[in-house]
Amino acid sequence: MRDYILRVPAEMDLSQRTPLKNAVAALFGDRYEAGRPRYLFSPDPLVMDGPWVRVRACIGAAPEVARGFVAEAATPMLDAGRKIEAAAWVAMKARVFRKESDLKDRVLAGLARYRDVFAPAVDLADYSVDPDIGIARMERGRERFGRAYGRISFSGTITNEPALMALLTAGIGAAKAYGFGLVSIMNREDDLD
């Protein structure tokens, strides 16, 4: 597993998920191989100039991509007992076709339940859900639809390295082909207590 940062065209609107998906696929190829994800990606904000996307190569060797568009990012240490901080943009499975009055409450409740997904791999010291949600517009062929999404973040101590690696490789939630579900993780050296 390796993480990269990918430069996308400056004029690209990162909120439009289908062009973003196509731009990443143009460099990294098909997202699936033999039923397993080859990569995950997310337009996570990075401390860099210009529009960048984080890409996680999940299996096999690093893809051959044009230098100057991609740089390798630091990969965190995932040993049991290591303290980490993590965050992810997570899309809900239900498609959104119209505005619903209780949509925000349902999305926030759904994001809160992802705490249980990480509990077997990380002794969580903190888990939070950003109170803002969004609707991502997507298309598949002639079909256009939206998915509600939000951001989760947590910190804790790794207790089960293989379980955490499986989550980092497969991603979480829906719409992973559109830039959701990649868990960004970094090591934390200070005491979480």
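The values are calculated or read from the model by the stated rules, or taken from the named source; none is laboratory data. Here the structure is a predicted model, which is why all the values come from computation and not from measurement. Please note: Cβ atoms are built from the backbone with ideal geometry, for glycine as well, and neighbour counts cover all protein chains shown. With ligands, DNA and RNA removed, areas are computed over all heavy atoms of the protein, side chains included. Shrake-Rupley method; radii C 1.70, N 1.55, O 1.52, S 1.80 Å.
A few remarks follow.
- Solvent exposure of K21, expressed as accessible area, is near 60 Å², computed with a probe of 1.4 Å over the protein chains only.
- Gyration tensor (alpha-carbon) shape descriptor, the chain, a/c threshold 1.5: oblate
- Cα centroid of the stretch 104-123 to Cα centroid of the stretch 163-185, whole Å: 14
- Selection among S155, S184, V96 by position relative to the dipole of the stretch 83-193 gives V96 as farthest towards the positive end (Cβ unit charges, Cα centre).
- GNM flexibility winner over the chain from P43, P51, P131 (Cα, springs under 10 Å): P131
- Under a Gaussian network description of the chain, with springs only between Cα atoms under 10 Å, the residue in I172, I135, I152 that fluctuates furthest is I135.
- Additional length obtainable on full extension of the chain from T75 to I5, 0.36 nm per residue less Cα span: 24.0 nm
- Normalised contact order of the chain, rounded percent, pairs of Cα under 8 Å and 6 or more residues apart: 30
- Over the stretch 121-193, all Cα pairs binned in 5 Å intervals from 0 give whole-percent P(r) values of 3, 12, 20, 22, 16, 12, 7, 4, 2, 1, 0, listed from short to long.
- For the chain, built as a Gaussian network whose Cα springs stay under 10 Å, the top-fluctuating residue of M92, M12, M138: M12
- Taking every DSSP helix (H) stretch of at least 4 residues in the chain, weighting each as -39,500 (n - 2.57) and dividing the sum by the residue count yields a mean residue ellipticity at 222 nm of -5500 deg cm²/dmol.
- Total lysine pairs in the chain at Cα distances under 25 Å, for residues eight or more apart or on different chains: 7.
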